[in-house]
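What follows is a single structure, written as structure tokens, with notes after it.
Values quoted throughout were computed directly from the atomic coordinates according to the rules given, and no laboratory measurement underlies them. In this text, all values refer to a predicted model and were calculated from it rather than measured experimentally. Here the Cβ positions follow ideal geometry from the backbone for every residue, glycine too, while neighbour counts run over all protein chains shown.
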Amino acid sequence: MAFKVRWLTDEKQVLYLYFEDGGMENWREYHRTLDQTWQLAAEVDYDIIAIVAGYDIPMPSGSPIPHLQRSMQSTPANILLSINIVERSFEKMVVELVAKLQRNRRHYIVTSWAAANKILESKNLPIIPDEDIPPRLH
């Protein structure tokens, strides 16, 4: 599986989803990872942040809208906010569109870790220090 999830901090405050290699083969892989992510979120009884680092990875073939809708609809209540780091224009546009259609106010789309930290800072949440930002793995 190319799409992975882990806790970014030892305190289990930030879930981090990322790609180990060239991307996802299909949407089933996306949903398996999403289910794993929500299970990790259920391990804690406090609010957490989810950061999805897609960078420049393309989406799998097929319509992304139902898959993204499912992910937003199934987001556990303890995920205070979700930040997608997306560099590709098409993927960014689709994720933004689905978030607007879902009226999802917990979901943010940015193009860099610096922009993600600005959102965290604006919400009075702890930022991710530069030394804790994972390197790009692809």
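Roughly what % antiparallel, to the nearest 5, for the DSSP beta bridges in the chain? Given both bridge residues lie in the chain, the antiparallel proportion sits at roughly 25 percent. Distant-in-sequence amide contacts of residue 54, defined by a placed amide H-H separation under 5 Å and a gap of 5 or more residues or a different chain, comprise 85. Each Cα pair under 8 Å and six or more residues apart adds its separation to the average, and for segment 3-132 the resulting relative contact order is 21 percent. Two tests apply to each whole DSSP H helix in the chain, Cα reach of 15 Å or more along its axis and mean Kyte-Doolittle hydropathy of at least -1.0, and the ones passing both are 89-101.
For the modelled label position 7 Å from the Cα of residue 106 along Cα-to-Cβ, which residues of segment 4-19 have backbone nitrogen atoms closer than 18 Å? Answer for segment 4-19: 6-8, 12-17. Report summary: the helix-based calculation at 222 nm, which adds -39500 (n - 2.57) for every DSSP H run with n ≥ 4 and divides by the residues of the chain, gives -10500 deg cm²/dmol.
Excluding same-chain neighbours fewer than eight residues apart, the aspartates and glutamates reachable from residue 118 by a Cα-Cα span under 14 Å are 130. What longest range of the chain stays clear of loop-exposed trypsin sites (Lys or Arg not before Pro) (DSSP non-H/G/I/E/B, at most 14 other C-beta within 10 angstrom)? My reading of the result: 13-102 is the longest stretch.
Computed over segment 97-138, the alpha-carbon pair-distance distribution with 10 angstrom bins reads 25, 44, 27, 4, each value a whole percent. What is the chain by shape, rounded, prolate or oblate, if you read a ≥ b ≥ c off the alpha carbon gyration tensor as root eigenvalues and call it rounded for a/c under 1.5, prolate for a/b larger than b/c, and oblate otherwise? Since a/c stays below 1.5, the shape of the chain is classed as rounded. Using the Karplus relation 6.51 cos²θ - 1.76 cosθ + 1.60 with θ = phi - 60°, the per-residue 3J(HN,Hα) values for segment 3-15 come to 8, 10, 9, 7, 6, 7, 10, 4, 7, 6, 9, 10, 8 Hz, with x marking Gly and Pro.
Distance from the alpha carbon centroid of segment 8-70 to that of segment 117-138 works out to 17 angstrom. In this structure the amide hydrogen of residue 15, modeled in the peptide plane, comes within under 5 Å of the amide hydrogens of 8, 49, 50, 51, none closer than 5 places in sequence on its chain.
What shape does segment 3-46 have by the C-alpha gyration tensor, where a ≥ b ≥ c are the square roots of the eigenvalues, rounded means a/c under 1.5, and otherwise prolate means a/b greater than b/c and oblate the rest? Oblate, since a/c reaches 1.5 and b/c is not below a/b.
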